[in-house]
Amino acid sequence: MNNQKYWIGVIIALIVAGALIGSTYIGIQGLADIKNGGKNLEVKGSAKMEIKSDFVVWSGSFRVGAPDLSSAYKSIKNSKSLISAYLKSKGIADNEISFSSISTTTFNVILENGTYTNAIESYQLTQNVQISSSDIEGITRLSKDITELLDQGVQLDSYAPQYFYTKLADLKIQMLELAAKDAKERADVLLKATGNLTGALQSAKVGVFQITPLYSNEISDYGINDTSSIDKEITAVVTCIFEVKK
């Protein structure tokens, strides 16, 4: 039994030694390829920048219930008037406010045995309200205070505001330039160790942009576009292939 363990140990040691020799050869061969010139080097460059949202969208929904459509419609019309008056009292302009169409849900009478009938017991009408504005601070505060309308009998659900940066298209161009510059600097550092120089750019591939809350490490293959935070960080990645010169 001891003899068998001995040979098993010898075999494992040989396998590990072979793997180390192979990986060492691959590493040395890679450096040799660069030193010979006429090769390409692929490098990823990145750039980060903090941005502050300059546009906000808040939305909420309100609903009423009544045994008949006529009464329900009057109730939701009254709720809409109360909401409009409240928003205007907070300085929200008419062109910043929009209301959706009304959706209707019917509730049928249910018998004691749990069977649904064709008879309608009541109606519920629901409508959405939305505000689009550049007043980040004001709308953020309003999204929390608007539930005061509950005291006036308005059944309102207030959703979290969504924050956007409207100059993103122009910023992306600047970010790509910075990321490409970073890739070039990385290539220069890597090739300096081999005694080579960075040649012409052969190709560049732009990765997806990641827009995340500050200090977040979250990334996605499809890109992230955070709308939950006012202060964000945008990250751009560019994969560049440079010619290697002697």
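Throughout, read-outs are computed from the coordinates displayed, never taken from laboratory work. Predicted, not measured: the structure shown is a model, and the values here were computed from it. Quick reminder, even Gly has a Cβ in these numbers, built from the backbone with ideal geometry, and neighbours come from all protein chains shown.
Within the straight-line cut-off of under 14 Å between alpha carbons, the aspartates and glutamates reachable from K232 are E50, D54, E218, sequence neighbours fewer than 8 places apart in one chain being disregarded. The aspartates and glutamates whose alpha-carbon is closer than 15 Å to the alpha-carbon of K181, local same-chain residues fewer than 8 away aside, are E42. Among the GluC sites (Glu not before Pro) found in region 159-226, those both in a DSSP coil and sparsely packed, with 10 or fewer other Cβ atoms within 10 Å of their Cβ, are E218.
Under 5 Å from the amide H of I51 lie the amide H atoms of K232, E233, I234, each residue being 5 or more positions distant or on a separate chain, with H modelled from the backbone and absent for Pro and chain starts.
Rounded to the nearest whole Hz, the Karplus-based 3J(HN,Hα) values (6.51 cos²θ - 1.76 cosθ + 1.60, θ = phi - 60°) of region 83-88 follow the sequence 5, 4, 5, 5, 5, 5, with x at glycine and proline. For G199, the amide hydrogen comes within under 5 Å of the amide hydrogens of E243, V244, K245, counting only partners 5 or more places away or on other chains and with H modelled in the peptide plane. Couplings for region 54-69, taken from phi via the Karplus curve 6.51 cos²θ - 1.76 cosθ + 1.60 with θ = phi - 60°, read 10, 8, 9, 10, 10, 9, x, 9, 10, 8, 9, x, 7, x, 9, 5 Hz in order; Gly and Pro are left as x.
For region 185-232, trypsin sites (Lys or Arg not before Pro) are listed when DSSP marks them as loop and at most 15 other Cβ atoms sit within 10 Å of their Cβ; the list is empty. Couplings 3J(HN,Hα) for region 105-118, derived from phi with the Karplus relation 6.51 cos²θ - 1.76 cosθ + 1.60 (θ = phi - 60°), are 10, 9, 10, 8, 5, 10, 6, 4, 7, x, 7, 7, 10, 7 Hz, where x marks Gly and Pro.
If R0 is 41 Å, what FRET efficiency do you get for S228 and N108 from their C-beta distance, rounded to 0.05? Before the final figure, lay out each step's value.
Numbers: r = 39 Å, r/R0 = 0.95.
After rounding, the FRET efficiency stands at 0.60.
The chymotrypsin sites (Phe, Trp or Tyr not before Pro) of region 109-188 that meet both conditions, a loop assignment by DSSP and at most 13 other Cβ atoms within 10 Å of the site Cβ, are Y159.
Amide hydrogen proximity for S229: with H placed 1.01 Å from N in the peptide plane, the residues at 5 or more positions away or on another chain lying under 5 Å are Y163. Here K77 is the anchor, and the lysines within straight C-alpha reach of less than 29 Å, apart from those fewer than 8 places off in the same chain, are K88, K90, K144. The residues neighbouring I241, those whose beta-carbon lies less than 11 Å from its own, together hold a net charge of +1 under the Lys/Arg +1, Asp/Glu -1 convention. Working from label points 7 Å from Cα in the Cα-to-Cβ sense, the T147 to E42 distance is 5.1 nm.
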